[in-house]
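Visitor: Below you'll find the structure I mean.
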Amino acid sequence: MRKSAPLRVFPSKVTLIKTGKTAMVHHPNPYAARNIYYNNRWVEKQVAGFTRWLNFILTPPEEEDTASKVKTVGVGKLWSEASRTQGPQAAPTKEVMSLRAYSARRRLNRLRRQACRFYQTKEFGEVVVKLERAIDKHNLAIRKDRLTHVDLGLKQEMLHLMILLSNSNIAARFAHPTVPHCYGAGYEDALKAFQLKKFLILVLFLDRAKTSRLINRDPCLFNKQAEYKSSRDILIAFARGFLSGVGDVTKHLGYLGYFVTHKQTVLEEFDYAVTNLPVDLRCGIRLTRVMEMLTNHYSLSDQLHVPAISRLQKVHNVVLKSLEDCGYPRVKTNILAKDIIDGHREQTLALLWTIIFKFQVSLIVSEKRLKEELGHLQHSLEVRAQLDEAAHIVSLLLRSQRHLWN
């Protein structure tokens, strides 16, 4: 009996695309991958190193960074952090702690000396003398109903604007000879005049010190969460709450040569800390700040667009040609601004290396030692050339002797 042929079953899904062959195997470059100097993590290492370097330049010293200081000590937080740390950490020695304290105290004393010299300048002293005369003549006076030395609410409001100090000399001059805490007539007016003088002088001094960059790192004058962020607003708020018979106090003070100009901007409150190198440098603000810190010229930040939200604003901030236009030493590089904005790691690292070689190589490499090393290498090359010449002469002599023997 003849067997029937088996039925053919067609597939339910037809694939019309021809399957390709196996993918081509890509072999690494043997001259790079098998080199003893090659490291496949070189990008991550450079990113980590430049992140530490940028944070070292951009962050202020510990004694100047008042915004990040913790006012209270959290025992529980310290205990949890200590329990998470792996391995014991040795406490610093007394020598190390004393050196830190001495260096910090020395820098702060230098800053205090500069502040005293600034306060004792002729220009500042003339304004202070005119201001004190105007207050003594009652051209500027605190209102009669404002008992700033008694009312705790007014004290708190005044302290909210600015910290003031009392004067023991005024209290001793008007104190009753036998009854304690009892003062004679004129004590309130004298204390109000003293508070007004100190307040206005302090505002003027802080405004002038800020505009003249008395502190090298140029920290913010006002708290980031403060209600008033300009010297003029402080004076107007103080006059509205305490002074009598004064409209715009800045006009009255202007006749005395008393002018305040500082106004805190968003750029001054910008956080320059670097956590992710390619991302944090895209806006161009941190790069501009680095160039200002390295060259001690602070005019380039005035041309920035802050906050940099759009791509056009970032391109404006990362225009590398503007460094030369603003008087900075020229940075010769083929890196484009779009490479930095797009977060290209290799191009960003190349730009940072260019900045390092342009501004920091003199601090890293000693010119004297470099000349000594070059002289040593040159002498070694001369000795090697002489030895090669002597070896060549010896080989010629040996060849001539062999020729004679033959």
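The values are calculated or read from the model by the stated rules, or taken from the named source; none is laboratory data. From a predicted model like this one, the values you see are computed outputs, not experimental measurements. Cβ atoms come from the backbone with ideal geometry, glycine included; neighbour counts cover every protein chain shown.
Visitor: So is K263 crowded, with 18+ Cβ neighbours inside 10 Å and under 22 Å from M293 (Cα atoms) or not? Give the derivation first.
Guide: On the way: crowded, with 18+ Cβ neighbours inside 10 Å: no; under 22 Å from M293 (Cα atoms): yes.
No, not satisfied.
Visitor: Same structure, new question: Got at least one residue in region 209-228 being surrounded by fewer than 20 Cβ atoms within 10 Å (Cβ to Cβ) and on the phi > 0 side of the Ramachandran plot?
Guide: yes
Visitor: Within region 49-72, identify whether any single residue is surrounded by fewer than 12 Cβ atoms within 10 Å (Cβ to Cβ), modelled with pLDDT of 80 or more and either touching a Lys or Arg at 6+ places or on another chain (Cβ under 8 Å) or not basic (K, R) (or both), and answer yes or no.
Guide: Just the residues of region 49-72 that are surrounded by fewer than 12 Cβ atoms within 10 Å (Cβ to Cβ), to begin with: 52, 56, 62, 66, 68-72.
Filter once more, so that each one left must be modelled with pLDDT of 80 or more: 52, 56.
Okay, now just the ones that are also either touching a Lys or Arg at 6+ places or on another chain (Cβ under 8 Å) or not basic (K, R) (or both), so 56.
Yes, some residue in region 49-72 is surrounded by fewer than 12 Cβ atoms within 10 Å (Cβ to Cβ), modelled with pLDDT of 80 or more and either touching a Lys or Arg at 6+ places or on another chain (Cβ under 8 Å) or not basic (K, R) (or both).
Visitor: Another question, if that's okay. Filter region 193-246 down to residues that are of a type in the set (D, E, K, R) and in contact (Cβ under 8 Å) with a residue 40 or more places away in the chain and give me whichever is nearest to N55 (Cα to Cα). Outline the logic, then answer.
Guide: Filtering region 193-246 down to residues of a type in the set (D, E, K, R) leaves 197-198, 207-208, 210, 213, 217-218, 224, 227, 229, 232-233, 240.
In the following step, the residues that additionally are in contact (Cβ under 8 Å) with a residue 40 or more places away in the chain were identified as 197, 207-208, 210, 213, 217-218, 224.
Numbers: K197: 41, D207: 28, R208: 29, K210: 23, R213: 21, R217: 13, D218: 16, K224: 21 Å.
For region 193-246, the residue satisfying everything is R217.
Visitor: Within region 236-255, which residues are outside any helix (DSSP H, G or I) and at pLDDT 85 or above? Quick ask: steps written out before the conclusion?
Guide: Start the filter on region 236-255 by keeping residues that are outside any helix (DSSP H, G or I), which leaves 243-248, 255.
The answer is Y255, and nothing else.
Visitor: Just wondering, is there one or more residues in region 267-275 that are outside any loop (DSSP other than H, G, I, E, B) and more than 18 Å from N139 (Cβ to Cβ)? Reasoning before the result, please.
Guide: Taking region 267-275 and keeping what is outside any loop (DSSP other than H, G, I, E, B), we get none.
No, region 267-275 contains no residue that is outside any loop (DSSP other than H, G, I, E, B) and more than 18 Å from N139 (Cβ to Cβ).
Visitor: Separate question: Looking at (1) over 18 Å from the mean Cα position of the chain (by Cα); (2) of a type outside the set (S, T, N, Q); (3) under 27 Å from F50 (Cβ atoms), find the lone condition where A273 falls short.
Guide: (1)
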